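The values are calculated or read from the model by the stated rules, or taken from the named source; none is laboratory data. Predicted model, so just to flag it, every value in this text is computed and none were measured. Backbone-built Cβ (ideal geometry, glycine too); neighbour counts: all protein chains shown. SASA here: full protein model, heavy atoms, side chains in, ligands and nucleic acids out. Shrake-Rupley method; radii C 1.70, N 1.55, O 1.52, S 1.80 Å.
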Amino acid sequence: MKVSEKAKIELASAFLIWGTVGIFVKFIPLNSGIVAFDRSVVGMLFLIAVKLCMKSKINFSALKSSLPILCINGALLGLNWILLFESYNYTSVATSTICYNLGPMLVVMVSPLVFKERLTLVKIVCAVTSLFGVVCVSGVFEENSIGDRGLMGVLLGLSAAVVYAVTVIINKQVDKINPMDKAITQFSASTVVMFIYCLFVTKPSELQFTAQTIILLIIVGVIHTGVAYIIYFKSLPNVTSQNVALFAYIDPVVAVVLSALILKESMSFYTVLGAVLVVVSAIFSELYDNKQKKGS
């Protein structure tokens, strides 16, 4: 497939935004289900408002054939958010985000089977290098044990990674639908599922909203969901799944840096080494791609 440079920039921008979401969620004193519900409903309403401002209508005829799979993916999207946000409660934002970003590795490994994309030796080496960088950042080489809570955080992050990989694979199968229509449909399905989930797990006494909490919820819903997903879905048809997987490592690097600067989470030698490996492998992969295109 022909890969667009503009799409690559859009994809990188989406992951850059997502790399900051953990910082905002950490300051929201609500359970993971409520935050996930907020992302669904605010993101959905924001996209609908954008469509209205553009005087554009949802193409229901185009959605009809893919509606069931989009709804399933929307429900998985909500589950993905819950697992990730719950992981933040057990371990650091950096560790949660790194574990979560093992998802793209799963996409890379199945891309030859699912998408018929060629997996070159350079891509494999870059992917493995990125994976090793992720392992370094996770803290497994540190002297101190992560403990039971830390282990639970890691497991929740890895579970979110598996769900993420599934959502990426599904979204690549329905790439002929308007990106905004696709996002609205999936957020609508996620809203319904998250609402039902919150009814069972949330107590009324837990719903205490301050001005700061409301502002943070709006930012997470509008910027990290509405805006980021428009950019992300728009780029998908014009990039390969391997591009998605490698660019996804922008997310954990941003999360690691910001968690150290804002949340004062420690950055060890291995954390810095891992971040460098992730960035360098992604850059090298892209430079190699460009060289191959010029030589062909």
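Taking the criterion of being over 17 Å from LEU258 (Cα atoms) and of a type in the set (Phe, Trp, Tyr), the residues of region 53-107 that qualify are PHE60, TRP81, TYR90. Residues considered: VAL192, VAL220. Of these, the only one that is at pLDDT 80 or above and open to solvent by less than 20 Å² (accessible area, probe 1.4 Å) is VAL220. Return the residues of region 29-68 that are more than 19 Å from the chain's Cα centre (by Cα) and β-branched (Val, Ile, Thr); say none if nothing qualifies. Within region 29-68, ILE48, VAL50, ILE58 qualify. Would you point out which residue out of ILE177, ILE170 is in contact with a helix residue (DSSP H, G or I) (Cβ under 9 Å, 6 or more places away or on another chain), open to solvent by less than 30 Å² (accessible area, probe 1.4 Å) and part of a loop (DSSP other than H, G, I, E, B)? Just a single option satisfies the conditions, and that option is ILE177. In the set (1) at pLDDT 80 or above; (2) closer than 18 Å to ARG39 by Cα, the condition left unmet by LEU207 is number (1). Inside region 30-66, residues that are among the charged types (D, E, K, R), open to solvent by 40 Å² or more (accessible area, probe 1.4 Å) and in a helix (DSSP H, G or I) make up a count of 1. Figure legend. Inter-residue proximity from region 11-29: first residues crowded, with 18+ Cβ neighbours inside 10 Å, second residues among the acidic types (Asp, Glu), beta-carbon distance below 7 Å, spacing 6+ or different chains. Indicated pairs: PHE15/ASP251; TRP18/ASP251; GLY19/ASP251. Suppose the filter is basic (Lys, Arg), open to solvent by 10 Å² or more (accessible area, probe 1.4 Å) and either in contact with a His (Cβ under 6 Å, 6 or more places away or on another chain) or within 28 Å of LEU113 (Cβ to Cβ) (or both); does LYS203 pass it? Considered against the rule, which asks whether it is basic (Lys, Arg), open to solvent by 10 Å² or more (accessible area, probe 1.4 Å) and either in contact with a His (Cβ under 6 Å, 6 or more places away or on another chain) or within 28 Å of LEU113 (Cβ to Cβ) (or both), LYS203 comes out as no. Residue count for region 103-120 satisfying the condition of being outside any helix (DSSP H, G or I), within 16 Å of GLN173 (Cα to Cα) and free of Cβ contacts under 8 Å to residues at least 12 places away in the same chain: 1.
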